[in-house]
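Working notes, beginning with the structure itself.
Throughout, read-outs are computed from the coordinates displayed, never taken from laboratory work. Fair warning: this is a prediction, and the values are worked out from it, not measured in the lab. Cβ coordinates were reconstructed from backbone atoms using ideal geometry, including for glycine residues, and neighbour counts include every protein chain displayed.
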Amino acid sequence: MAALRGSARRGWVRCPQPAALAAAAAVAVCAFYYLGGGGETFSSATRRLRATPPAPAGPGPRGLHLLFMFTKAERSPALRDKAQAALRSLLRHGRLGAADVLHLHLVTEGASRDIGLGLLRDLLRGAAFRHQVIVHDVNELTEKLFPIVEAMQRHFSAGSGTYYSDSIFFLSVAMHRIMPKEITRIIQVDLDLKYKTNIRDLFDEFDNFPEGAVVGIAREMQPVYRHTFWQYRRENPRTKVGEPPPDGLPGFNSGVLLLNLEAMRQSKLYNQLLEPTMVQKLTEKYHFKGHLGDQDFFTMVGMEHPELFHVLDCTWNRQLCTWWRDHGYSDVFDQYFQCEGEVKIYHGNCNTPIPED
């Protein structure tokens, strides 16, 4: 399996063989540093991280971890096009410090791995900043995730065999138990995005987390959860659950997720909420049955414990889908959909075209 090298040294290196990977206590299949040096396996990189004191907080040099999923790409030209457009816009606007490194975590499998690495090779050629690509195997991650998120899948999946019913689509919920402890912060993004600003500015949002917050996430911009919580709302007519902003609780959209992994590890409350009994208790209280994976979990938990979340401004995840406007909610739709301010990231969810530059 071949992967790319950085602009400092061009060429190809090969990943360790599967047997060696199985012996490693790491989550990635393979990783390569593009720092002008040779390639490293993920396990050797992790050992080096453990021997290196953490970077100081603030505006100084730091590692920036960004994760995205790229699966079934061999059967989806549309996904390949979206990924190319998203990454191209990210790199176009990316301006990192001289000592910063952008760590790109690619969650993938099979033929998609080759497609994804080829795409990154082309786009990263001549990048103006240092970067690292880490490849995570979907099957390995799923095996680690399943015992943690099995109970959630029954409540937040469309059904057996469907897209969100796979454990991997609950990765963000339990990433603090999967990633090495040396990774303390990571951003997970969808691929139907278009970046209009420097990705480093999004990482600065971690510094705005209030005490006790573990996840940064933007509000859902359609009345999705007004619909999903219909029974709870009928039983509690004065509730803010499902109501539009600024005073209501419209739920969350997981297209852009800031995960403070260290805070997630340290939060007793958050980890209690992952337990099957707590998931069952909350789904019963809210009569909740969803189909959007991690987004549903974060939304339900946010109704009960909003203190766990730093709410991103809508300009960081300016969703464009208008499906619910034409399906029963035209009278209230604009209350959810409005977003003032200069857009930093467009989100073309439900295959909505993103404005051209």
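Some observations on this one:
- log₁₀ of I(q)/I(0) at q = 0.11, 0.14 Å⁻¹ - region 53-156, Debye sum with one point per alpha carbon: -0.44, -0.68
- Loop-located GluC sites (Glu not before Pro) in region 252-339, at most 12 other Cβ atoms within 10 Å (DSSP): none
- FRET efficiency for GLU307 and ARG95, using Cβ-Cβ distance with R0 set to 35 Å, rounded to 0.05: 0.60
- Here the dipole of region 107-256 is about 260 debye; that uses its Cα centre as origin and unit charges on the Cβ of Lys and Arg (positive) and Asp and Glu (negative).
- Three-way shape call for region 215-288 based on the alpha-carbon gyration tensor, with the a/c threshold at 1.5: oblate
- For GLN84 and ARG177, the difference between the fully extended length at 0.36 nm per residue and the C-alpha to C-alpha distance is 30.5 nm.
- What the Cβ-Cβ distance of CYS350 and GLU262 gives, at R0 = 22 Å and to the nearest 0.05, is a FRET efficiency of 0.05.
- Per-residue packing, averaged as other Cβ atoms within 10 Å, sorts the ranges 255-261, 136-142, 107-113 into the order 255-261, 107-113, 136-142, beginning with the highest.
- Distance in nm between pseudo-label sites at LYS72 and ASP207 (7 Å out along the Cβ direction from Cα): 4.0
- Pairwise label distance in nanometres, HIS227 with LYS281, each label 7 Å out on the Cα-Cβ vector: 3.1
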